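Every number here is computed from the coordinates shown, using simple stated rules; none is lab data. All of these numbers come straight from a predicted model, not from anything done at the bench. So basically every Cβ, Gly included, is an ideal-geometry build from the backbone, and we count neighbours across all protein chains shown.
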Amino acid sequence: MISEVSGREAKLLLSSEEISNRVSQLGREITRDYKDKDLVIIGVLKGGFIFLADLIRHIKLKIEIDFIRVSSYKEATQAGDIELITNTGISLRDRHVLLVEDLIDTGVTSDFIKRTIISNNPASYKTCALIKKRKRREADITVDYFGFEIDDKFIVGYGTDLAEEGRNLPDIYVIE
Ligand code: IMP
Ligand code: MG
């Protein structure tokens, strides 16, 4: 347990044990839903890398992994404010794509990535986020799988950061 990140007070929200239990459930659901399908899992950098690493070890299927990186959050309020930094390096045409993200806040990032991936004509497209914030989203997006729904608070840990600090924390904290 820690009590501050980047000089700000941090309160425990989700313990590593709670996270791990939920992540294994999600892995089982995904295994069931994608049985016999050609599944490509795309992680969103940087925030999604720890969730992805844990999740895929609970997916008992033959899968291919790739990553996408987009410019971060900051003042983005619509998809046009986001930039693609690194695209995936594999063909997605006619394949079943599952996007794995750390968290959905406004949904603007997810919406942007969806447009980018759909333009490659996959057979299907679904999203999996560890955390979904409970608020009115600006972008009209669907989150097909999610770990936890939380109030509109800023969180850090388990891949997510506060000014690049705290990604390596095993638990998730709320910044007060
Ligand atoms: P959205 O575009 O507003 O949905 O924001 C998505 C991205 O913003 C996430 O993938 C995170 O990188 C970042 N972000 C949004 N809320 C938080 C937070 O509470 N903590 C850390 N990063 C966040
Ligand atoms: Mg960030």
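Odds and ends about this structure:
- Residue within segment 28-36 that is part of a helix (DSSP H, G or I) and crowded, with 18+ Cβ neighbours inside 10 Å present: yes
- For ILE131, the conditions (1) β-branched (Val, Ile, Thr); (2) over 17 Å from the mean Cα position of the chain (by Cα); (3) within 16 Å of ligand 2 (Cβ to nearest atom) are fulfilled apart from (2).
- One residue alone among ILE90, ILE131, ILE68, ILE82 is hydrophobic (A, V, I, L, M, F, W, C), in contact with a strand residue (DSSP E or B) (Cβ under 9 Å, 6 or more places away or on another chain) and within 22 Å of ARG22 (Cα to Cα), and that residue is ILE131.
- The residues of segment 15-25 that are crowded, with 18+ Cβ neighbours inside 10 Å and either acidic (Asp, Glu) or under 19 Å from PHE67 (Cβ atoms) (or both) amount to a single one, VAL23.
- Residue pairs meeting the criteria (Cβ under 6 Å; at least 6 apart or on separate chains; first free of Cβ contacts under 8 Å to residues at least 60 places away in the same chain and closer than 21 Å to LEU13 by Cβ, in segment 123-141; second assigned to a strand (DSSP E or B) and aromatic (Phe, Trp, Tyr)): ALA129/PHE146; ILE131/PHE148; LYS132/PHE146
- Every condition in (1) assigned to a loop (DSSP other than H, G, I, E, B); (2) within 11 Å of ligand 1 (Cβ to nearest atom) is met by SER91 except one, and the failing one is (2).
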